Amino acid sequence: MNRLDTLNTPGTPGIGVEPLNTPRLARNPTGYFRVPLATHRLANKVAFITGGGGKIGVETAARLIREGANVTLMDISFEALEEALVTLKDAIYTGEISTSRILTVVGDASKEEDMVSALERTVKMFKKLDIALLNAGVSYAAKPLLKTSEEEYDRVMGVNVKSAFLGLKHVGKTMAALGNGGSIILTSSIAGLRGAPGLSVYSASKFALRGLATTAATELGPSGIRVNTIHPSGLGGPSFQQSWTEEQLEEMKKGMPLGRFAETHDVSSVVAFLGHEDSKFITGSFLKIDGGAITF
């Protein structure tokens, strides 16, 4: 008997062989481990991203493209989308023309007609829709609640919450009609998990996304559509650092067990996971991307 025969003989001690009395069905009841792992795990997937011209939108689009997906970027700024296209050309290694993999749509995600049009164009071009990152959002300079204006309230809630509502409504309709299920991810914040002094309305808007997401997860689940929120902490980088003094930054870092601020790639990798079948049994959940800043 050669070594290969020995290894393939049930109950024979050897590398990779368990005793005969080990219940094989208990070890592997589904056989799912036999499914090959794809290098480009999002190949042939189609993703739709609002706020697509921003830091998180562009970084996430790059990650999804590298994983094999085609992407629609929706943003209110034509200039931001132009810059995004230049950046994203580097994410395509196959020599394909970027316009065959990336669709850009100028539109306001908080306006229903723009949302509907962007999704119609996405399906017309790519014939499907598998992933949506509802990422459009605005904030404002920190100030006490008693000094926050009605106009600021209307603007922040009108963008952050309304765009997510419209996205859930029409992405949900589109995915349900296509009949292949899908994954919808809402970009919230750690301000959607705890109070944020100086940012009362922003915090309220990010808390609201949890209510939308958990309800949508329940309603859309029977159609195979998953809905989750992600909660990044403040993103590092020049613009973030310029908003605070060195002393404030150091004090904030003390509350980060991993010792640094979040980066855009920390967020994009979680979105890629939620867009893939590896997360197929996760819905109605919130995922913190905060280096341990919030523990509960």
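Bear in mind that the values in this text are calculations on the coordinates, not laboratory data. Predicted model only: the values in this text are computed from it and were never measured. Here the Cβ is made from the backbone with ideal geometry for all residues, glycine too, and neighbour counts use every protein chain on show.
Exposure proxy for 225, 190: other Cβ atoms within 10 Å of each Cβ, ordered fewest to most, give 190, 225. Sites listed here are GluC sites (Glu not before Pro) in region 81-122 whose DSSP assignment is loop and whose Cβ has at most 12 other Cβ atoms within 10 Å: 96. For region 177-270, a crude dipole built from +1 on the beta carbon of Lys and Arg and -1 on the beta carbon of Asp and Glu, taken about the Cα centre, is about 300 debye to the nearest 20.
Listed cross-link partners 143/288; 127/173; 124/162 are compared with a 19 Å cut-off, the Cα-Cα value being larger for 143/288; 124/162. Between rounded, prolate and oblate, where does region 40-289 land on the alpha carbon gyration tensor, with a ≥ b ≥ c its root eigenvalues, rounded for a/c under 1.5, else prolate if a/b exceeds b/c? Taking the square roots of the gyration eigenvalues as a ≥ b ≥ c, region 40-289 is prolate. Of the residues 125, 175, the one with the fewest other Cβ atoms within 10 Å heads the list, and the complete ranking is 125, 175. The charge dipole of region 40-289, taken about its Cα centre with unit charges on the Cβ of Lys, Arg, Asp and Glu (plus for the first two, minus for the last two), comes to roughly 740 debye.
Less than 12 Å Cβ to Cβ from residue 193, Lys/Arg counted +1 and Asp/Glu -1: what total charge do the surrounding residues give? Result for the local shell: +3.
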